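Just so it is clear, none of the values below were taken in a lab; they were calculated from the coordinates. On a predicted model such as this, the values are computed, not experimentally measured, just so you know. For neighbour counting, all protein chains shown are included, and Cβ atoms are generated from backbone atoms with ideal geometry for every residue, glycine included.
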Amino acid sequence: MSKSTICLQVPKKQGEIAIALANKLGLVDKSLGIQRDESHLCIPLVRQPEENELETLKNHVPEMQLSTNVFSEKKAPAETLIQALQDKLPPNLLAHLPQALDVIGDIAIVEIPQELKPYETLIGEAILKTHKNLKTVLAKAGAISGTYRTREYAFIAGEHKTQTVHREFGCQYHVDVAKAYFSPRLSHEHERVASLVQAGETVVDLFAGVGPFSVLIGKRNPKVKVYAVDLNPDAVELLKVNVRVNRVENRVFPILADAREIAATQLKGLADRVIMNLPETAIDFVDAACQTLKPDGGVIHFYAFIRSPDSTENLKQRFSQAVEENGRRVEAFLYGKSIRETAPFESQIVLDAKIA
Ligand SMILES: C[S@@+](CC[C@H](N)C(=O)[O-])C[C@H]1O[C@@H](n2cnc3c(N)ncnc32)[C@H](O)[C@@H]1O
């Protein structure tokens, strides 16, 4: 919306003082945006200044002029979820509203605490009202589970769908949250690993999902080969779409297979780098990772969950032992960090290990 109103036109170099003064005199129309061009500012006013006010202004900003202009109205500040629900929920429950949303494309995923279940439709609708970019709200209806690492969702508001397109670091990912794993919370990890890959490398992504490591690596490096393996047929179908839409067909190769089987056959001894993002059971696949590495070694990005009182040091020992049982050796840990809290007293750890 726009509005024509009286305004104060001042040279840019006197803008700061003019705004301060007009504000002090209660003249500025704060519902409208200040206009700027190369040399001048136009400050919208709520009324014509009185004689004494004009004099004060002229004393401090001699080059000021009054004119009339058309201004755009400022957007109202976004309403928060609590504000949107404060008249609709009992006050004692407002404090239990979800603090964080996982946003995947135009789908929001929330965890609704038991005491808020009767209000979940209201909450879903309020999320859509306060986040204009979202179309669907799903509530977690179970833990991530099974070989394919998926979870059940309950639909609570908006379009009834589980498919979307998520954008991350210049790539787009077709995702179906009900059929294949995807987490926006790992986006920085996808980027970190992709940034380490050098031209000419062969990378094996043993648990590739819909491809957030593989596709980004391919997108960043025209001169790489990435073998992206997953056992979930739905994940691999989406991965194939993602390879195509991100135009990395000539360097990212989706493979529907069991990681261990393919490591022992088609992918044996060819990798400079292996990504093992299956934190629940990756330790059981260290044999597969060691088999895919080149005979003179490479790097493994190993992910695992640790639960207190376990420690990253213990994890390093377990990993080193598993590597040695497979006839290799950890030359050095290049990096080791908790990348996110996954539950109370539990976090996801990454270890980058140089393997000889
Ligand atoms: C935690 S998800 C990670 C997906 C992806 N790397 C990401 O960051 O979004 C683990 C993936 O491993 C796949 N998976 C589980 N067991 C497997 C196996 N034996 N061989 C290949 N893939 C497997 C699952 O289907 C799932 O897509």
*asked:* Could you identify which residue out of Arg329, Arg36, Arg307 has the top mean-square fluctuation in a GNM of the chain using Cα springs shorter than 10 Å?
replied: Arg36
*Quick one: of Lys3/Lys135; Lys117/Lys240; Lys140/Lys354; Lys13/Lys129; Lys88/Lys161, which pairs are farther than 30 Å apart, Cα to Cα?*
Lys3/Lys135; Lys117/Lys240; Lys140/Lys354; Lys13/Lys129
*Top of Asp106, Asp310, Asp176 by mean-square fluctuation, Gaussian network on the chain, Cα under 10 Å*: Asp310
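Take Ile339, Ile255 and order them by how many other Cβ atoms sit within 10 Å, fewest up front. The partial results should precede the final answer.
Numbers: Ile339 16, Ile255 19.
So the residues, fewest neighbours to most, are Ile339, Ile255.
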_Per q in 0.13, 0.15, 0.19, 0.25 Å⁻¹, report the Debye log10 I(q)/I(0) for region 103-184, using one uniform scatterer on each alpha carbon and no solvent._
-0.40, -0.53, -0.82, -1.25
*asked:* Compute the distance from the alpha-carbon center of region 144-167 to that of region 286-314, in whole Å.
replied: 29 Å
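How big, on average over all directions, is the shadow cast by the Cα convex hull of the chain, in nm²? Walk me through the numbers before you get to the answer.
Values: hull surface 99.0 nm².
Hull-based average projected area comes out at 24.8 nm².
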*Relative to the longest principal axis of the C-alpha atoms of the chain, give the angle of the C-alpha long axis of helix 312-325, reported between 0 and 90° and rounded to the nearest 10°.*
30 degrees
*Surface/4 of the Cα convex hull for region 1-108, nm²*: 10.9 nm²
_With angles folded into 0 to 90 degrees, how steeply does helix 233-245 sit against the dominant principal axis of the chain? Use alpha carbons for both and round to 10._
60 degrees
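Rounded if a/c is under 1.5, else prolate if a/b is larger than b/c, else oblate: which is region 253-356, with a ≥ b ≥ c the root eigenvalues of its Cα gyration tensor? Write out the running numbers ahead of the final one.
Values: a/c = 2.15, a/b = 1.52, b/c = 1.42.
Verdict is prolate for region 253-356.
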*Using a Gaussian network for the chain with springs between C-alpha atoms less than 10 Å apart, which of these wobbles most: Ser195, Ser67, Ser183?*
Ser67
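Remind me, what semi-axes does region 189-281 give for its equivalent ellipsoid, largest first in whole Å, using sqrt of 5 times each Cα gyration tensor eigenvalue? List each step's numbers first, then the result.
Details: eigenvalues 62, 46, 32 Å².
Equivalent-ellipsoid dimensions as semi-axes: 18, 15, 13 Å.
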*With only alpha-carbon atoms counted, please give the Rg and Dmax of region 181-355, in Å.*
15.1, 45
*FRET efficiency for Ser4 and His60, Cβ-Cβ distance as r, R0 = 22 Å, nearest 0.05?*
0.25
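Over all pairs of distinct alpha carbons, what does the Kirkwood formula give as the hydrodynamic radius of region 123-239, in Å?
Numbers: mean 1/r = 0.0646 Å⁻¹.
15.5 Å is the Kirkwood radius here.
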